Amino acid sequence: MHLFAGIDVGQSATKVALADEEGVLLARASGPAGDELGLGAASTRLRDAVESTLAAAVKRAGLPASARFTSLVVGISGFDRELQGRRPRIHARHLRYTHDAEIALAGAHAGAPGIVAIAGTGSVVRALARGGSEVRIGGHGYLFGDEGSAFGLARDSLRAAVLARDERRASGLLAALERHFGCTAAECVRGFYSGTIARAKLAGFAPALLAEAQRGERTARAIVHAHALALAAQIRAAARLARMRSPEVALLGGLAANATFERALRSALRGALPGARYRRPIYDAALGALLLAFTQAGITLREIAER
């Protein structure tokens, strides 16, 4: 049996899709986050996440732990040419590491031209032009990017909450944030700097912020609106560079699944790119990586469909 796998390594989780040469999905598995943004060469975060999640998928498929792969593609949040930490120990004839935006794009449009905006813990926009060229906008991490992401929303919420606390102003957002974390806004800031509040934990405040915005809290609504506009502007830039006037745009990620944020983004996108056509993703990012694994081995999507 020839085995193919696609792996989506994100800031919140790692997901694996495993299939045989006929395109039959054998197993899926989820594991811990594996991105290594800001970590050094000794980091095993990526290696541990990929190896454990892939092993879980292999076991779930009823295959031996020593199974070897014909082709495997790994999409990693924040990836830029080289791995930052220890390399996963994978036995594959064809193996490629890439940015998670590429696998999300491949899955969302099943390999066809279009645009994908990932709005999860972090954010990035990627477009595939009709000529085959690709454009990436954003994806520069939590310090210099993440517009329209859960972390971006939470970061700006904490900034606004700390200011409200300093100025001794009543704020629904401040109350919601301190209730969520069980500490003062200033203590949250110190917790983030010290590492006791990790990026993913801070990003976990985003649903509470969106609930406040839905209830009409002014600062929360302003933060959501600003991030929706910023992400819509990135989608517009991707469309311009890919020479797309009426692109199909798919949204992926946990934040994109939130009805309040999705409405805000779609409204912003109507103003930024009136010709855009919104669509639901055909496949998720792990399946997109799996499709790329087949393509990498010389098997086209048409060939898979005909089997």
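The values are calculated or read from the model by the stated rules, or taken from the named source; none is laboratory data. For clarity, every value in this text was computed on a predicted model and none was experimentally measured. Methodologically, a virtual Cβ is constructed for each residue, glycine included, from the backbone with ideal geometry; neighbour enumeration extends over all protein chains shown.
General observations
Residue-wise test of (1) buried (at least 19 other Cβ atoms within 10 Å of the Cβ); (2) closer than 20 Å to Leu290 by Cα; (3) touching a Leu at 6+ places or on another chain (Cβ under 7 Å); (4) not assigned by TED's automatic domain parsing to the domain that holds His227.
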{"residue": "Glu82", "(1), (2), (3), (4)": "no, no, no, yes"}
{"residue": "Gly85", "(1), (2), (3), (4)": "no, no, yes, yes"}
{"residue": "Val116", "(1), (2), (3), (4)": "yes, yes, yes, yes"}
{"residue": "Gly120", "(1), (2), (3), (4)": "yes, no, yes, yes"}
{"residue": "Ser123", "(1), (2), (3), (4)": "yes, no, yes, yes"}
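- Close pairs from the stretch 64-75: first touching a residue at least 24 places away in the same chain (Cβ under 8 Å) and crowded, with 24+ Cβ neighbours inside 10 Å, partner in a strand (DSSP E or B) and not small (Gly, Ala, Ser), Cβ under 6 Å, at least 6 apart: Ser71/Phe4; Ser71/His94; Leu72/Leu95; Val73/Arg96; Val74/Ile7; Val74/Tyr97; Gly75/Asp8; Gly75/Thr98
- Residues satisfying the stated conditions in the stretch 268-307, i.e. of a type outside the set (A, V, I, L, M) and touching a Leu at 6+ places or on another chain (Cβ under 6 Å): Pro281
- Residues of the stretch 55-79 that are more than 12 Å from Leu18 (Cα to Cα) and hydroxyl-bearing (Ser, Thr, Tyr): Ser66, Ser77.
- Extreme residue, surrounded by the most Cβ atoms within 10 Å (Cβ to Cβ), among residues of the stretch 161-186 that are over 28 Å from the mean Cα position of the chain (by Cα) and of a type in the set (D, E, K, R): Arg165
- Enumeration of residues in the stretch 50-80 that are farther than 23 Å from Phe294 by Cβ and either outside any loop (DSSP other than H, G, I, E, B) or acidic (Asp, Glu) (or both): Ser52, Asp80
- Scanning the stretch 66-100 for residues that are modelled with pLDDT under 90 and either of a type in the set (A, V, I, L, M) or in contact with a Ser or Thr (Cβ under 6 Å, 6 or more places away or on another chain) (or both) yields Leu83, Gly85, Arg86, Asp100.
- Residue pairs whose Cβ atoms lie under 8 Å apart, separated by 6 or more positions or on different chains, with the first residue in the stretch 238-256 and free of Cβ contacts under 8 Å to residues at least 60 places away in the same chain and the second not basic (Lys, Arg), are Arg245/Ala239; Arg245/Gly275; Ser246/Gly275; Ser246/Ala276.
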